[in-house]
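Quick notes on the structure that follows.
The numbers here are math on the coordinates, done by the rules we state, and not lab data. It should be emphasised that the depicted structure is a prediction, and the values quoted were computed from it without experimental measurement. Positions of Cβ are backbone-derived with ideal geometry, glycine not excepted, and every protein chain shown enters the neighbour counts.
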Amino acid sequence: MSTTADAISQMRAEQSWMQRNKMIVTPLLFLLPGVLFFAVYVVIPIFQSFQISLYRWDGLGEATYIGLGNYQELLTDRNFEISLWNNVKWLVLYLLAIPAGLFIALFLNQTVVGIRLYKSLFFFPFVLSQVVVGLVFSWFYLPREGLLNNIITAFGFESVNILGDPTLATYGIIAAGLWPQTAYCMILYLTGLNAVDPEQVEAGRLDGAKGWKMLWYVILPQLKPATFIAFVVTIIGALRSFDLISIMTNGGPFGSTRVLSFYMFERALSEFGFRMGYGSAIAVVLFFIMLFFIAYFLYSMWRDEQEARR
């Protein structure tokens, strides 16, 4: 017995460090390229944005250190205020995609004739590019030839130039963004519904739960992971809403549809800007807004898990 133990210990001693720790080293080697890519193209640029925001720089010449001067200018910038307020509108209204996606998923999570066709039709907007969505809705909103105004005038109402009206343009773009975002939330919830425990559903039925009670007390608690992902992705999508604005209005009319991401592009990279420091300051503000929401939802998930373990 002692001889066998000595032989095993001698074999382990003769093994290299790599062989002894291969269960730890192998996954790390697979993760290393992705971690390096993420660090070079995401983490390092974030810190560079913090640094550049403290300078006055046009991207080519010499940078001048001005401290918090760019942030002080943001406090009195009317265009920044409009962009920030538009982002609030996007955040509030974009969250409608989550309940809409949930109810569509509940409808599609059935065994009826033609359900695959319905799933394909609802899934279709998700595979479209944001540019295509923007062009489609731009044609849909056309004052004379657009389908929306043809429907409105058919009922005897006057046509509406949605993208040309400063009070309506932002809401028209948000409606366009909700189309593919709802499809994405639907996919998340369909995946979550496939993982719902049928025994809990059956137990709920035996206790008399049905309809809204079944949904609220049995189904939704099991969909928390899907809801968390839907919230995070929807909030990030609302704060990064650049493509649709660029395609549909290019920030107009009169700058009324600007959001922080688009205003950052205008100030830093467009022909009206080349103020890299000021654009970086806007990017830093946008980063902290995203960080706040993501940290809040992560904390909420962690708190719920701690309470579930007790």
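Annotations
- Close amide H contacts of TYR55 (hydrogens built in the peptide plane, cut-off under 5 Å, sequence separation of 5 or more or a different chain): ILE66.
- Mean silhouette area of the stretch 104-223, derived from the convex hull of its C-alpha atoms and averaged over all directions, reads 10.5 nm².
- Per the Debye calculation on the stretch 226-280 with a single equal scatterer at every Cα and no solvent contribution, log₁₀ I(q)/I(0) for q = 0.19, 0.21 Å⁻¹ amounts to -0.69, -0.78.
- In straight-distance terms, cross-link reach from LYS224 covers every one of the lysines whose alpha-carbon lies under 20 Å from its own, apart from those fewer than eight places away in the same chain; here that gives LYS210, LYS213.
- As a rough guide to protection, the peptides 57-65, 22-30, 86-94 ranked by mean Cβ packing within 10 Å, highest first, stand as 86-94, 57-65, 22-30.
- Per-residue Cβ neighbour rank within 10 angstrom, fewest leading, THR76, THR257, THR227: THR76, THR227, THR257
- In terms of the mean number of neighbouring beta-carbon atoms within 10 Å, the peptides 290-298, 174-182 order highest first as 174-182, 290-298.
- Each part reduced to its alpha carbon centroid, the stretch 266-299 and the stretch 184-263 end up 24 Å apart.
- Across the alpha-carbon set of the stretch 75-309, the Rg to Rh ratio works out to 1.04, Rh being the Kirkwood radius.
- Legend: helices of the chain (whole DSSP H runs) are marked when their alpha-carbon atoms reach 20 angstrom or more along the helix axis and their mean Kyte-Doolittle hydropathy is at least -0.5; marked are 22-38, 78-94, 169-194, 224-239, 276-309.
- Legend: calculated FRET efficiency, THR153 to TRP212, from the Cβ-Cβ distance at R0 = 30 Å, rounded to 0.05, equals 0.15.
- Relative contact order computed over the stretch 75-309 (Cα-Cα under 8 Å; 6+ residues apart), in percent: 27
- Chymotrypsin sites (Phe, Trp or Tyr not before Pro) within the stretch 121-207, DSSP loop, no more than 13 other Cβ atoms inside 10 Å: PHE155, PHE157
- Dipole magnitude of the stretch 42-169 about its Cα centre (Cβ charges: Lys, Arg +1; Asp, Glu -1), debye to nearest 20: 580
- Cβ charges +1 (Lys, Arg) and -1 (Asp, Glu), total dipole of the chain, debye: 480
- Per-peptide average of other Cβ atoms within 10 Å, ordering 48-54, 258-264, 212-218 highest first: 258-264, 48-54, 212-218
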